[in-house]
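The values are calculated or read from the model by the stated rules, or taken from the named source; none is laboratory data. These numbers were taken from a predicted model, which means no experiment stands behind them. In this analysis, Cβ positions are derived from the backbone assuming ideal geometry, glycine residues included, and neighbour counts consider all displayed protein chains. What goes into the accessible areas is simple: the full protein's heavy atoms, side chains included, and nothing from ligands, DNA or RNA. Shrake-Rupley method; radii C 1.70, N 1.55, O 1.52, S 1.80 Å.
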Amino acid sequence: MRFLHTSDWHLGRSFHQVGLLDAQAAFIDHLVETVRTERVDAVLVSGDVYDRALPAPPTVDLLSEALCRLHDAGATVVLSSGNHDSAIRLGFASRLLETAGVHVRTSIEGITRPVELPGARVFALPYLEPAVASAALEAEQRTHQAVLGSALARVAQVADPTTRTVVMAHAFVSGAVSSDSERDIAVGGVSAVPLDLFDHVDYAALGHLHRPQLLSEHVRYSGSPLAMSFSEAGQTKSSWLVDLSTDGRGADHVVAVPTPVHRPLAVVRGTLDELLRGPQHAHAESAYVQAVLTDPARPLGALDRLLARFPHLLQLTFEPAGAPASRARSELQVSTRTRLELCSDFLAHVRGGAGPTPAEGEILREAIEATRPEHLDEPSVAVSAPAPARAQADLQAVQTSLFDHEVA
């Protein structure tokens, strides 16, 4: 039997407010073509089919079209729900869909009912939220390890030793590497489950983490077909094409099938002049870009100037060289400065060193006096904030908010 292991489609997702539906439609085209050219028997989608519990109508239409096309291409389709999906909504009409070769598994009750394929039985485990699943699975603890362990123990009880066992699971397995785009599923600070839970299966088709990775020869994450954070820049997105024979254990042959890149990601870092003129950044001119400016002072008009070279710039951050070393000194200064001094410093900070004019200084003074409670004495920050760190955090929040507004 030959199947494609994929997961984390996140249909309907946006990337820094840029919709990905067209890119996801291109991935579906690629998937259907792969099924045809590679003569794939089944497509396994291990959770997070949608990006949200209430997907928009165009997103639902895309999934409906994908299932019809995969079925027409000759593949059995098995989908399980992830932590982003609404299990009830994704599982609507699942019994009826089974008659067409589309198996949608979203309930705890169905974890021991395999999808029967030639030479293999696929057990599609939905995402198991410990607070919900622990009682139904009679788990000893309300943890990810306990509920997944209990589910896999039930699978082992009904597994056929003469037939290959494939398990689909949506979880964070120890030893795997996460990205910035996954939703945290930690319970009590513990989200990982041990790898040895899957020792008894021939292949574990994992979902949840967006980086494709191999934990053992028979335990793999396919990762997401599209990048969903700049932490995934440089990754090669793919699905796993898996061959199983009727003899022995484990997978006989596994190969990565790269997915099409709608638009690459690039992270560029340096001073504004370096980013605008450096030839080493030419590759980023057609990419989605995260720019990190390291100028000692925030350059004026940086966003517009960068957009002229990088028209698909989506994120701009400011990390001046040497800033961490000076932070402690800044906290001490903030804790003893007056409101007027802080406002003047902030104005100079956002205007590239140009502080308030005498007229502006008078306007600031009048505004501060009009809003200051009479019972508070200067220095105001030391009185209103119990610690220098809090005063610095308040000022930093204002600075960050203003700069984010410029980027938006």
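Here is how the numbers come out for the structure above:
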| quantity | calculated |
| --- | --- |
| Residue list for region 1-28, restricted to those being in contact (Cβ under 8 Å) with a residue 60 or more places away in the chain, in a helix (DSSP H, G or I) and surrounded by fewer than 21 Cβ atoms within 10 Å (Cβ to Cβ) | 22, 23, 26 |
| Count of residues meeting criterion [open to solvent by less than 10 Å² (accessible area, probe 1.4 Å) and aliphatic (A, V, I, L, M)] in region 200-240 | 6 |
| Any hit, region 31-44, residues being without any contact (Cβ under 8 Å) to a residue 60 or more places away in the chain, polar (S, T, N, Q), open to solvent by 40 Å² or more (accessible area, probe 1.4 Å) and part of a helix (DSSP H, G or I) | yes |
| Qualifying residue in region 103-119 (condition: open to solvent by 20 Å² or more (accessible area, probe 1.4 Å), assigned to a strand (DSSP E or B), under 25 Å from residue 218 (Cα atoms) and among the acidic types (Asp, Glu)) | yes |
| Answer residue from region 171-181, given it is open to solvent by 30 Å² or more (accessible area, probe 1.4 Å) and in a loop (DSSP other than H, G, I, E, B) and is nearest to residue 110 (Cα to Cα) among those | 174 |
| Residue match in region 163-170 (condition: modelled with pLDDT under 95, over 21 Å from residue 223 (Cα atoms) and in a strand (DSSP E or B)) | yes |
| Qualifying residue in region 60-78 (condition: within 19 Å of the chain's Cα centre (by Cα), under 28 Å from residue 132 (Cβ atoms) and polar (S, T, N, Q)) | no |
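The rows are residues; the columns are (1) closer than 16 Å to residue 33 by Cα; (2) part of a loop (DSSP other than H, G, I, E, B); (3) touching a Leu at 6+ places or on another chain (Cβ under 7 Å).
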| position | (1), (2), (3) |
| --- | --- |
| 59 | no, no, yes |
| 69 | yes, no, no |
| 74 | yes, yes, no |
| 79 | no, no, no |
| 82 | no, yes, no |
| 85 | no, yes, no |
| 88 | no, no, no |
| 97 | no, no, no |
| 100 | no, yes, no |
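Rundown of residues vs (1) open to solvent by 60 Å² or more (accessible area, probe 1.4 Å); (2) modelled with pLDDT of 95 or more; (3) not small (Gly, Ala, Ser), yes/no style:
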residue	(1), (2), (3)
251	no, no, no
259	no, yes, yes
270	no, yes, no
276	no, yes, yes
282	no, yes, no
287	no, yes, no
293	no, yes, yes
301	no, no, no
306	no, yes, yes
